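Undergrad: Before I ask anything, let me first share the structure, which is written out below as structure tokens.
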Amino acid sequence: QAQLVESGGGLVQPGGSLRLSCAASGSFFSSFTMGWYRQAPGKQRELVAQITSRGTTNYGDSVKGRFTISRDNKNTVYLQMNSLKPEDTAVYYCHVVQTTYWGQGTQVTVSS
């Protein structure tokens, strides 16, 4: 069964960095757009970043210039998060766009 497994979340101080990883089982993911989304308490899930199979990227306005999405040729998608702010605190989810595949989520907390 296809599966997405996220890792790399944690507690970081404002201005710090984290790198999230999403390992996708199954080779068919390589032809799909992959995305990172986040959901903070009491808020709707929102797009953080997407990357197509060809490497074209798209970012949410609130993270442009601070976050970078990338993918390798082994079905792993990364999210490098720099200059983190308290408002980046959320559960971050990996998603295969236009499918029902979501990861279990990883908590990112930005606090001093």
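Undergrad: When the residues of the stretch 20-44 are filtered to those that are closer than 14 Å to residue 89 by Cβ and in a loop (DSSP other than H, G, I, E, B), which remaining residue is nearest to the chain's Cα centre (by Cα)?
TA: Per the criteria, the residue is 40.
Undergrad: Residues being within 16 Å of residue 95 (Cβ to Cβ) and of a type outside the set (Gly, Ala, Ser): count how many of those fall in the stretch 45-77.
TA: So the count comes out to 17.
Undergrad: For residues that are in a strand (DSSP E or B), within 18 Å of residue 16 (Cα to Cα) and either open to solvent by 50 Å² or more (accessible area, probe 1.4 Å) or out of contact with any strand residue (DSSP E or B) (no Cβ under 7 Å at 6 or more places or on another chain) (or both), tally how many sit in the stretch 46-73.
TA: As a first pass, look at the stretch 46-73 and keep what is in a strand (DSSP E or B): 46-51, 57-59, 67-71.
Right, trim to within 18 Å of residue 16 (Cα to Cα) and you get 48, 67-69.
Now narrow it down to the ones that are either open to solvent by 50 Å² or more (accessible area, probe 1.4 Å) or out of contact with any strand residue (DSSP E or B) (no Cβ under 7 Å at 6 or more places or on another chain) (or both): 68.
Count: 1.
Undergrad: Against the condition in contact with a strand residue (DSSP E or B) (Cβ under 7 Å, 6 or more places away or on another chain) and either at negative phi or among the polar types (S, T, N, Q) (or both), how does residue 28 come out, does it pass?
TA: So residue 28 fails the test.
Undergrad: Please work out which residue is surrounded by the fewest Cβ atoms within 10 Å (Cβ to Cβ), limiting yourself to the stretch 85-112 and to residues that are over 14 Å from the mean Cα position of the chain (by Cα), in a loop (DSSP other than H, G, I, E, B) and modelled with pLDDT of 95 or more.
TA: For the stretch 85-112, the residue satisfying everything is 112.
Undergrad: Which one is modelled with the highest pLDDT among residues in the stretch 45-84 that are within 21 Å of residue 30 (Cβ to Cβ) and touching a helix residue (DSSP H, G or I) at 6+ places or on another chain (Cβ under 8 Å)?
TA: Across the stretch 45-84, the extreme among qualifying residues is 53.
Undergrad: If I ask for residues that are at pLDDT below 95 and closer than 13 Å to residue 105 by Cα, which ones from the stretch 23-44 would you list?
TA: 23, the sole residue that qualifies.
The values are calculated or read from the model by the stated rules, or taken from the named source; none is laboratory data. Worth saying up front: this structure is predicted, and the values here are computed from it rather than measured. Glycine gets a Cβ as well: all are built from the backbone with ideal geometry, and neighbour counts include every protein chain shown. Areas reflect the complete protein model, heavy atoms only, side chains present, ligands, DNA and RNA absent. Shrake-Rupley method; radii C 1.70, N 1.55, O 1.52, S 1.80 Å.
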